[in-house]
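Just below is one structure, and these are the notes that go with it.
Values in this text are rule-based calculations from the coordinates and carry no lab data. Here the structure is a predicted model, which means the values were calculated and not measured. Neighbour counts run over all protein chains shown; Cβ positions are idealised from the backbone, glycine included.
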Amino acid sequence: MFARIREDIRAVKERDPAATSTLSVLINYPGLHALWAHRVDHWLWRHGRRGVARYLSQLARWLTGIEIHPGATIGARCFIDHGMGVVIGETTVIGDDVTLYQGVTLGGTGKETGKRHPTLEDCVVVGVGAAVLGNITVGRGSKVGAGAVVIEDVPPNSTAVGIPSRVVVRAGERVDAIDLHHEDLPDPVVEMFAALARRIERLERRLSRDEGLSEERGEPVFPVPAGRDAGSSSGGVPGVPAVETDEEHDARI
């Protein structure tokens with residue numbers, strides 16, 4: 001028992017630079033207190049004292065702000081950083097060296113029976129406010145981004161971001177150690193705007209090229225094709241020049 005407590009304290013010191021001393025860890029880390037209380041609750045749960053186990057788990061929740069169902073299975077060196085608002089469901093299975101940040105939910109969906117909560121394999125990191133829901137598996141070495149909602153399996157050594165989450169495989173990089181940089185994740189919204197910016201840049205280059213060619217030829221940039229009324233292609237507004245279709249533009253160039 002004491003060896004495992006020392007192991008827990010060492011895990012906190014390795015992953016949190018604010019853990020300056022053993023005494024500080026013992027006094028100031030509610031995530032550690034919740035895990036120690038859970039071990040007692042889990043033992044009672046497995047030995048048929050489920051009413052007492054549930055009562056003690058709710059007492060630990062009141063003291064730490066972390067709710068861990070006594071039926072959950074948690075491996076060695078799990079670290080719950082800050083921890084306020086963390087919820088871990090009854091059939092959750094957590095491997096070794098897993099890190100959870102505040103506001104994480106490992107929950108179920110609907111009213112299924114049996115295994116209905118997620119499984120986190122070794123060295124998984126789940127970011128602030130993320131929700132991992134249902135009987136799914138987050139593979140070894142994977143990361144779940146802050147605020148993500150994960151409802152499908154995550155392969156090993158991958159990241160899951162967004163609502164609902166999408167998986168981004170970290171090509172060429174295998175995560176065997178604990179990687180706590182859960183802030184360094186791809187942002188699908190930023191990627192979308194970057195793609196739009198690239199497309200606008202291409203269109204501007206094309207327009208600039210067309211303007212140069214038109215000046216050389218003494219032609220308008222957007223000429224009206226023969227047989228088309230100047231106002232008809234613009235919705236019938238007189239004086240508004242018609243705009244070429246892509247096919248007409250390519251044929252002219």
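Candidate cross-link partners of K13 among the lysines, defined by an alpha-carbon separation under 22 Å and a same-chain spacing of 8 or more, comprise K143. The fewest-to-most ranking of W45, W36, W62 by surrounding Cβ atoms within 10 Å reads W62, W36, W45. How much FRET efficiency would the formula 1/(1 + (r/R0)^6) give for S24 and R199, where r is the Cβ-Cβ distance and R0 is 41 Å, rounded to 0.05? Calculated value: 0.20. Modelled spin labels at R209 and F2, positioned 7 Å past Cα toward Cβ, are 7.7 nm from each other.
Across segment 90-134, the residues whose backbone nitrogen lies under 17 Å from the label position 7 Å along the beta-carbon direction of Q58 are 90. Taking other C-beta atoms within 10 Å as the exposure proxy, F2, F193 rank F2, F193 from fewest upward. Amide hydrogen proximity for R166: with H placed 1.01 Å from N in the peptide plane, the residues at 5 or more positions away or on another chain lying under 5 Å are V161.
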